[in-house]
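Asks: Below is one structure. I have some questions about it.
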Ligand code: KPL
């Protein structure tokens, strides 16, 4: 469908981004060359425009004006692709109002830490719509709401999960727009690997109020190994083929690469915000229950972080 639209009209595909956080804003700039990009927000009741700026890795500053559409606006029915970059616990609430208005060929792409929300989106899509999942290790931060700094290169992976796949043409345009990106035939193993990284680093740094790099200290190793062993058992029961040695290597690589960072969960806890624990260690626990697998370490991390928020 999308291919046909482009062949007939020659127009850029229309792509809406929900979630103008660090990654959402970075992707808005990266995708804007090949797509007609707008932001979608339930905070606005009428369309508006925002001038945003980006400091690139080479320190160049560029500015661009992006349209912001309210989530119930008529123009939502013209979007070809919707990229959702909100926190895991905001995904359903963010997508719900859009589902009523999206066209029958729309393709949704979810990109967030943790796993789970896609399971409740799948049954709500029309057969002709599609859903993909994505993960990125690109780095970005903001000094103010509308200025994003691209702070690190990283791999961005996309993969189809349900419904009608995204057209080859649209996939190609996404790969041309986002540096070091790929469409993989199976996205779930990549997401389980990212889940392993977050399941180890996020709760431990939040509970012990330490930097990501500290998780490599010997005192944390029994817990790190227990988190991973439980995760590997659950992934196996779910039919996910994970290379355990490679996953463990990647966990320690990310600990090293982000050694001086404070994890997003630690920042959430310290600012009194809701955390993504339910979609990280909580997701492992939920899937474990389905298979009657015990996962006491992921369970207690989940309970401890939840108690902090309450
Ligand atoms: O994704 C992250 C997070 O903080 O949520 C890591 C990779 C742990 C980097 O801090």
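Asks: Between a residue in region 249-262 that is touching a residue at least 12 places away in the same chain (Cβ under 8 Å) and closer than 10 Å to residue 213 by Cβ and any residue that is more than 10 Å from the ligand (Cβ to nearest atom) and assigned to a helix (DSSP H, G or I), which pairs come within a Cβ distance under 6 Å, given they are 6 or more apart or on different chains?
Replies: 255/216; 259/213
Asks: Turning to a different aspect of this structure: For residue 272, are the conditions met, namely being closer than 21 Å to residue 112 by Cα, exposed (fewer than 14 other Cβ atoms within 10 Å of the Cβ) and more than 13 Å from the ligand (Cβ to nearest atom)?
Replies: Numbers: closer than 21 Å to residue 112 by Cα: yes; exposed (fewer than 14 other Cβ atoms within 10 Å of the Cβ): yes; more than 13 Å from the ligand (Cβ to nearest atom): yes.
Criteria met by residue 272.
Asks: Moving on to the next point. Quick check on residue 139: is it surrounded by 14 or more Cβ atoms within 10 Å (Cβ to Cβ) and outside the structural domain of residue 241 (by TED's automatic domain parsing)?
Replies: Values: surrounded by 14 or more Cβ atoms within 10 Å (Cβ to Cβ): yes; outside the structural domain of residue 241 (by TED's automatic domain parsing): yes.
Criteria met by residue 139.
Asks: Filter region 102-144 for residues that are over 30 Å from residue 287 (Cα atoms), without any contact (Cβ under 8 Å) to a residue 60 or more places away in the chain and part of a loop (DSSP other than H, G, I, E, B); which is farthest from the ligand (Cβ to nearest atom)? Spell out the reasoning first.
Replies: Just the residues of region 102-144 that are over 30 Å from residue 287 (Cα atoms), to begin with: 102-105, 140-144.
With without any contact (Cβ under 8 Å) to a residue 60 or more places away in the chain added as a condition, the list becomes 102-104, 143-144.
Now restrict to residues that are part of a loop (DSSP other than H, G, I, E, B): 102-104.
On the way: 102: 28, 103: 33, 104: 34 Å.
Taking the candidates together, the pick is 104.
Asks: Right, another one. Limited to region 1-19, what total is found for residues that are part of a loop (DSSP other than H, G, I, E, B) and either under 16 Å from residue 76 (Cβ atoms) or modelled with pLDDT of 95 or more (or both)?
Replies: Looking only at region 1-19, we keep the residues that are part of a loop (DSSP other than H, G, I, E, B), and these are 1, 10-13, 19.
With either under 16 Å from residue 76 (Cβ atoms) or modelled with pLDDT of 95 or more (or both) added as a condition, the list becomes 13, 19.
Residues in region 1-19 being part of a loop (DSSP other than H, G, I, E, B) and either under 16 Å from residue 76 (Cβ atoms) or modelled with pLDDT of 95 or more (or both): 2 in total.
Asks: Same structure, new question: Within region 235-264, restricting attention to residues that are surrounded by fewer than 14 Cβ atoms within 10 Å (Cβ to Cβ) and away from the ligand (no atom under 16 Å from the Cβ), which residue is nearest to residue 139 (Cα to Cα)? Break it down into steps so the answer makes sense when it comes.
Replies: First, the residues of region 235-264 that are surrounded by fewer than 14 Cβ atoms within 10 Å (Cβ to Cβ): 239, 241, 243, 245-246, 249, 253, 256, 259-260.
Those still in the list that are away from the ligand (no atom under 16 Å from the Cβ) too: 239, 241, 243, 245-246.
On the way: 239: 31, 241: 27, 243: 25, 245: 25, 246: 22 Å.
Taking the candidates together, the pick is 246.
Asks: Say we look at region 283-299 and pick out the residues that are surrounded by 15 or more Cβ atoms within 10 Å (Cβ to Cβ) and without any contact (Cβ under 8 Å) to a residue 24 or more places away in the chain; which of these is farthest from the ligand (Cβ to nearest atom)?
Replies: Step one: of region 283-299, the residues surrounded by 15 or more Cβ atoms within 10 Å (Cβ to Cβ) are 283-288, 293, 295, 297-299.
Next, from what is left, pick out any that are without any contact (Cβ under 8 Å) to a residue 24 or more places away in the chain: 285, 299.
Values: 285: 18, 299: 20 Å.
Ranking the candidates gives 299 first.
The values are calculated or read from the model by the stated rules, or taken from the named source; none is laboratory data. Values in this document were obtained by computation on a predicted structure and should not be read as measured data. For neighbour counting, all protein chains shown are included, and Cβ atoms are generated from backbone atoms with ideal geometry for every residue, glycine included.
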